[in-house]
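**Student:** Structure incoming, see below.
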Amino acid sequence: MVAPVTRKIQPLLTLILAAGCGADEPAPDATVTLSALGGSGVAGTIEFTELAEGGVRVDADITGLTPGQHGMHVHEWGDCSAPDGMSAGGHFNPDMVDHGAPGGATHHPGDYGNLEADADGRATLSLTIDAISLTAGDEVNVLGRAVIVHEKADDFGQPTGNAGGRLACGVIHVTGGTSPPVLGPTPGA
Ligand code: CU
Ligand code: ZN
């Protein structure tokens, strides 16, 4: 049905298709467009949907990866300007707890475990978490913060899972709009 499209326009097409079908599926409340860092070629989209029964569903669709596992987290600052992604700061960690797996006893609000990329370098992930919010003013609100996809697997070690370099970055925006980025003391650093 869908003719081959270039990687560049695929995320847009994915959004259009998602909006055009599944009328009983709730529209995502927040969306991330991930862009490649340092010429990595990794890109994709992530959608966050608040569920009526509580929790937030996270749906990610990412391409351009090397096959295998790649860590993915919410980082503190909504700043993807540095070519190595370090401008996004460390893991979003308002309660100063240990890093971990999303279902584990202790983890940061945006610890999403690992993406599993197939032989074509594409990874999809869908999980429901209760550790974040999409409401301004909440301590664990992630709007305006960044999601980073990493070079290596998250091994859930301290302090941040040993996931290596940063391959893609995107700021979490309210769907169809712009959320003011949460910025650190030295934006762009
Ligand atoms: Cu990270
Ligand atoms: Zn973490």
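**Student:** Do you know the relative contact order of the range 114-189, to the nearest whole percent, from alpha carbon pairs under 8 angstrom that are 6+ apart?
**Tutor:** 23
**Student:** Another question, then. Starting from the eigenvalues of the Cα gyration tensor, five times each then square-rooted, give me the equivalent ellipsoid semi-axes of the chain, largest first, whole Å.
**Tutor:** Gyration-tensor ellipsoid for the chain: 23, 20, 17 Å.
**Student:** Also, quick follow-up: If eta is 1.002 mPa s and T is 20 °C, what Stokes-Einstein diffusion coefficient results for the range 33-139, Kirkwood Rh from Cα pairs, in µm²/s? Show your work: numbers first, answer last.
**Tutor:** Details: Rh = 14.8 Å.
Rounded, D is 145 µm²/s.
**Student:** Assuming a viscosity of 1.567 mPa s and a temperature of 4 °C, what translational diffusion coefficient in µm² per second does Stokes-Einstein assign to the range 97-189, Rh being the Kirkwood radius over Cα pairs?
**Tutor:** The calculation lands on 88 µm²/s.
**Student:** Right, next: Between Glu53 and Ala82, what's the calculated FRET efficiency when r is the beta-carbon distance and R0 is 25 Å? Round to 0.05.
**Tutor:** Working: r = 39 Å, r/R0 = 1.54.
E between Glu53 and Ala82, to the nearest 0.05, is 0.05.
**Student:** Hey, another quick one. When a/c is below 1.5 the answer is rounded, else prolate if a/b is larger than b/c, else oblate, so apply that to the range 77-148 with a ≥ b ≥ c taken from the square roots of the Cα gyration tensor eigenvalues.
**Tutor:** Verdict is oblate for the range 77-148.
**Student:** Under a point spin-label approximation (7 Å from Cα along Cα-to-Cβ), what is the Gln158-Thr124 distance to one decimal in nm?
**Tutor:** Placing both labels 7 Å along Cα→Cβ, they lie 3.8 nm apart.
**Student:** Taking only DSSP H segments of four or more residues, each worth -39500 (n - 2.57), what value at 222 nm results for the chain once the sum is divided by all its residues, to the nearest 500 deg cm²/dmol?
**Tutor:** -2000 deg cm²/dmol
**Student:** For a quick protection proxy, order the peptides 72-78, 37-43 by their average other-Cβ count within 10 Å, most packed first.
**Tutor:** Descending packing order for the listed peptides: 72-78, 37-43.
**Student:** Going by Cα centres, the range 83-104 and the range 105-120 are how many Å apart?
**Tutor:** Spelled out, the Cα-based centre of one part sits 12 Å from the other.
**Student:** Please compute the contact order of the chain in relative form: average sequence separation of alpha-carbon pairs under 8 Å and at least six residues apart, divided by the residue count, as a percent.
**Tutor:** Working: 463 pairs, mean separation 49.3, N = 189.
After rounding, I find 26 percent.
Since every read-out is calculated from the coordinates, none of them should be taken as a lab result. This structure is a prediction, so every number in the text was calculated from the model and none was measured. Here the Cβ is made from the backbone with ideal geometry for all residues, glycine too, and neighbour counts use every protein chain on show.
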